[in-house]
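Student: Would you mind keeping the following structure in view while I ask a few things?
The values are calculated or read from the model by the stated rules, or taken from the named source; none is laboratory data. Since the model is a prediction, treat every value here as computed from it, not as a measurement. A quick note on method: Cβ atoms are made from the backbone with ideal geometry, for glycine too, and the neighbour counts reach across all protein chains shown.
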Amino acid sequence: MRLDYPLNNVNTYETVGEFLQKAESRFGDRPAVTVYDWEGKEHCYTYRMLARDAKAIALVLLDMGIAGKHLAIAGENGYEWLVMFLACCSVGAVALPVDVEQQDEKILQCIRYGDSCMAAVSREYEFLFQDFPGCPVLCLWDAHSDNSFPSLLLRGYEALKSREEELNLAMDKVQADETAVIIYTSGTLSSPKPVMLSHGNIMFNACHAQALVEAGDKAYTCLPLYHAYSLVCGALNVLTQGQHLGLNGSVKNWMRDLRLFCPEMILLVPMMMESLIRSIRLEQKRDGTREEAKKALKRYQSRKKYHLSCSPFVHDALTRVLGDSVSLIICGGAQQNERLAQEFGCYGICVLQGYGVTECGPLISVNRNRRHRENSVGVLLPETRVKIRDGEILVKGPSVFKGYYKADGETKKAFSDGWFCTGDLGYMDRKGFLYITGRKKNLVVFSNGKKVVPEELEELILQIPLVREVMVYGASNGQTADDVKLSAVIYADPQKTRGMTSYEVLERIQEEIYELNKKLPFHKRIQLIRMTEAEFKKTSIYKIKRGRF
């Protein structure tokens, strides 16, 4: 592993419109986006098709008076979703991607608060707008309507014949500092906040991600496009560099679509990495190669400890789950499991962890192909600066957001002397690697002044074989806020505890935590354990929603 090497050359654009105007001539008939329908049939669109379709829709939106206004996009991932986003932003409108995994009323609240004058929706969510006055609906499917996606395309292509120059002029007027998108934060601790990201924010972030990482020619994301991680680091990042994007529609089919697309790079969150590993292990058991794989992993870990090379353990089970081309996984959204990264490494697949927050466009740092550490979130994006104050990570750079929509007070609280306060705790080593230790709001503070970062203990408890998920927190133990007892709520792995009674599961886990406590300072010892029968609630990118018990 080289400690340092030059940045990769990348294509850069200041606005979404500039990308659309250059994509057709720059990338032409290269494959741009591939999606699969419910039956697994492939639909592939070239850059020429993507650019022309987006321009056609953009001209229709322009005629509808969308410039300077807000367009909500509510639906699962799809080509139409992506085209509508590009078209909207390119003519100076603001896209408002909506998290459709929320309750119906929450979806409508987001749209109302975001002042959307129009909504582009997929079939499943059209019913939400039947009693939503003043917000016309554009259908992201082939409906019997003048506002269906195919009908809009026909109108747009007809208009493009004589008005393409008019559209280009409208795109040229859009400036890099204008708001392109309002994305709600995931809200693990509080209500989601509407983050205003400019064209400059998202395009700088998307383009410069690959200054650090070589992603290959085919990249796949199964994460929802209404989240900044998938939209910017996945879709826009891949498309700005002229690569082939595999886009999953329904999350129910994400593993099927992954196998069909056969990418070189996958964009994932830790929970999805766990799902892939479980599927790989199951296939190994069916093949009778599971014990051989365990031995290969131990050999890999032993050699890696001494920085020795090790031939990958290649087997058919891996190909049946991932296809035959995957060599890289980018993991973000939450702290990755180091043991999972090592198992993928044993199979010849490099796992690079990154770090970002919506307010920073979102990417702040990522490990590099030839410069990475499994327990670090990598090195900083170009022109991005970080400083650590009282343990908290503060950020400055071209990707840092404009502010929260209609929330000047929250915006002021988020900055300190021009630095964005992430709320994450961490440190940076002398070689420029950034490390995350936890969330500032999660800190458990005792009456004697001692502090505990719950995430550090959670990582240790997750190493107990029977534990699937865990949340550590300070349970109230008296009259004051700092009179607390360190506690853990645990969800046991249903597969590994099959045939055991609830009492037996609790007793076994208590024994393991008792042994763990012996190795910890007194103030870091778990004093209370509670089991839960259900998985923890998750955000749209599968981060645990933290609460108090």
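Student: Considering only residues that are acidic (Asp, Glu) and either more than 16 Å from residue 344 (Cβ to Cβ) or outside any helix (DSSP H, G or I) (or both), which ones fall in the stretch 247-276?
Tutor: Listed by number, the residues that qualify are 257, 264.
Student: Now, a different point. Checking residue 419 against (1) touching a residue at least 40 places away in the same chain (Cβ under 8 Å); (2) touching a Lys or Arg at 6+ places or on another chain (Cβ under 8 Å): exactly one of these is not met. Which one?
Tutor: Single failed check for residue 419: (1).
Student: If you don't mind, there's one more thing I want to ask. List the number of the failed condition for residue 368; all other conditions in (1) modelled with pLDDT under 95; (2) basic (Lys, Arg); (3) in contact with a helix residue (DSSP H, G or I) (Cβ under 9 Å, 6 or more places away or on another chain) hold.
Tutor: The one condition residue 368 does not meet is (1).
Student: Ok, one more. Taking the condition under 25 Å from residue 358 (Cα atoms) and under 27 Å from the mean Cα position of the chain (by Cα), does residue 50 pass?
Tutor: no
Student: Determine the pairs where a residue that is at pLDDT 85 or above, located within the stretch 299-316, has a partner that is of a type in the set (S, T, N, Q) with Cβ atoms under 8 Å apart, the partner being 6 or more residues away or on another chain.
Tutor: 300/342; 301/342; 303/309; 304/342; 315/284; 315/289
Student: Within the group 138, 128, which residue is farther than 27 Å from residue 359 by Cβ and touching a strand residue (DSSP E or B) at 6+ places or on another chain (Cβ under 6 Å)?
Tutor: Residue meeting the stated conditions: 138.
Student: Still on this structure: Say we look at the stretch 494-515 and pick out the residues that are in a loop (DSSP other than H, G, I, E, B) and not small (Gly, Ala, Ser); which of these is surrounded by the fewest Cβ atoms within 10 Å (Cβ to Cβ)?
Tutor: Among them, the one singled out is 498.
Student: Let me ask you something else. In the stretch 300-323, what residues are assigned to a helix (DSSP H, G or I) and exposed (fewer than 15 other Cβ atoms within 10 Å of the Cβ)?
Tutor: 302, 303, 305, 316
Student: Restricting the search to the stretch 324-340, which residues are closer than 23 Å to residue 256 by Cα and either surrounded by fewer than 22 Cβ atoms within 10 Å (Cβ to Cβ) or out of contact with any strand residue (DSSP E or B) (no Cβ under 7 Å at 6 or more places or on another chain) (or both)?
Tutor: Matches in the stretch 324-340: 324, 325, 327, 328, 333, 340.
Student: Next question, about the same structure. Residue 484: aliphatic (A, V, I, L, M), modelled with pLDDT under 90 and within 27 Å of residue 191 (Cβ to Cβ), yes or no?
Tutor: Spelling it out, residue 484 is indeed aliphatic (A, V, I, L, M), modelled with pLDDT under 90 and within 27 Å of residue 191 (Cβ to Cβ).
Student: Filtering the stretch 436-454 down to residues that are under 22 Å from residue 339 (Cα atoms) and either surrounded by fewer than 18 Cβ atoms within 10 Å (Cβ to Cβ) or of a type in the set (Val, Ile, Thr) (or both), which residue is modelled with the highest pLDDT?
Tutor: By that ranking, first place goes to 436.
Student: Would you mention how many residues in the stretch 77-97 are in contact (Cβ under 8 Å) with a residue 40 or more places away in the chain and outside any helix (DSSP H, G or I)?
Tutor: Qualifying residue count for the region: 8.
Student: When residues of the stretch 350-385 are filtered for being touching a Leu at 6+ places or on another chain (Cβ under 7 Å), in a loop (DSSP other than H, G, I, E, B) and either acidic (Asp, Glu) or farther than 30 Å from residue 199 by Cα (or both), how many remain?
Tutor: Of the residues in that region, 0 qualify.
Student: Given the conditions (1) touching a residue at least 12 places away in the same chain (Cβ under 8 Å); (2) over 15 Å from residue 349 (Cβ atoms); (3) small (Gly, Ala, Ser), and given that residue 279 satisfies all but one, which numbered condition is not satisfied?
Tutor: Every condition holds for residue 279 apart from (2).
Student: Further question: Of (1) touching a residue at least 40 places away in the same chain (Cβ under 8 Å); (2) among the small types (Gly, Ala, Ser); (3) surrounded by fewer than 16 Cβ atoms within 10 Å (Cβ to Cβ), residue 74 satisfies all except one. Which?
Tutor: So residue 74 meets the others, but not (3).
Student: Would you pick out the residues in the stretch 173-195 that are modelled with pLDDT of 95 or more, more than 13 Å from residue 15 (Cβ to Cβ) and in contact with a helix residue (DSSP H, G or I) (Cβ under 9 Å, 6 or more places away or on another chain)?
Tutor: Once the filter is applied, which keeps residues that are modelled with pLDDT of 95 or more, more than 13 Å from residue 15 (Cβ to Cβ) and in contact with a helix residue (DSSP H, G or I) (Cβ under 9 Å, 6 or more places away or on another chain), the stretch 173-195 yields 183, 194, 195.
Student: Does residue 94 satisfy the criteria of being surrounded by 14 or more Cβ atoms within 10 Å (Cβ to Cβ), hydrophobic (A, V, I, L, M, F, W, C), closer than 26 Å to residue 34 by Cα and out of contact with any helix residue (DSSP H, G or I) (no Cβ under 6 Å at 6 or more places or on another chain)?
Tutor: yes
Student: Now for a different question. Scan the stretch 101-118 and report the pairs whose first residue is assigned to a helix (DSSP H, G or I) and whose second residue is modelled with pLDDT under 90 and buried (at least 16 other Cβ atoms within 10 Å of the Cβ), with Cβ atoms within less than 6 Å and a gap of 6+ or a chain change.
Tutor: As it stands, the answer is 104/128, since those pairs meet every condition given.
Student: Sticking with this structure for a sec: What is the one condition in (1) closer than 30 Å to residue 14 by Cβ; (2) out of contact with any strand residue (DSSP E or B) (no Cβ under 9 Å at 6 or more places or on another chain) that residue 244 does not satisfy?
Tutor: (2) is the only condition that residue 244 fails.
Student: Right, here's the next one. Before we move on, is residue 284 surrounded by 15 or more Cβ atoms within 10 Å (Cβ to Cβ) and under 25 Å from residue 209 (Cα atoms)?
Tutor: Considered against the rule, which asks whether it is surrounded by 15 or more Cβ atoms within 10 Å (Cβ to Cβ) and under 25 Å from residue 209 (Cα atoms), residue 284 comes out as no.
Student: For the stretch 389-400, does any single residue satisfy the condition of being at pLDDT below 95, surrounded by fewer than 20 Cβ atoms within 10 Å (Cβ to Cβ), closer than 26 Å to residue 15 by Cα and under 22 Å from the mean Cα position of the chain (by Cα)?
Tutor: no
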